[in-house]
Amino acid sequence: MSTQIAVRLPDAMVAALDRAVADGRAPSRAAIVGSALEREMRRLAAEHDALLLEQQGAPDDLDAVVAWTATTVDLGD
C-alpha cells in the first residue's frame, strides 16, 4: 500500500530527478525520492543508535563468551 503526498521541491532538484529518469538511472521520480527517504531514515536510526551508545556505552553481552573462550580454548601456536 502507498499514500500519495504533495512535496514542494526546488526547480533544480525536480530537473535533476527528471534527468535521472530520462537517462534510465531511475524508474520514476517517486523511486528516487523513496530511495532517498529510506537512506535518510537509516541515517537517523544510526544517529539514534550512536547517541545511545554514547550515553549508555556498549552492551557487555559478549563478556561471558570471552571468559569461556579464554578458559576453554587453547589458542597456542
Please determine whether any residue of region 44-51 is free of Cβ contacts under 8 Å to residues at least 24 places away in the same chain, among the hydrophobic types (A, V, I, L, M, F, W, C) and surrounded by fewer than 10 Cβ atoms within 10 Å (Cβ to Cβ). no
Please note which helices (runs of 4 or more DSSP H) are completely contained in the chain and include at least 2 residues that are hydroxyl-bearing (Ser, Thr, Tyr). 63-72
Quick one: count up the residues across region 26-41 that are of a type in the set (Lys, Arg) and surrounded by 11 or more Cβ atoms within 10 Å (Cβ to Cβ). 1
With the requirement that a residue be under 17 Å from the mean Cα position of the chain (by Cα) and not hydrophobic (A, V, I, L, M, F, W, C), what does region 25-57 give you? Gly34, Ser35, Glu38, Arg39, Glu40, Arg42, Arg43, Glu47, His48, Asp49
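Quick note: the coordinates plus some simple rules give every number you see, no bench work behind them. From a predicted model like this one, the values you see are computed outputs, not experimental measurements. Quick reminder, even Gly has a Cβ in these numbers, built from the backbone with ideal geometry, and neighbours come from all protein chains shown.
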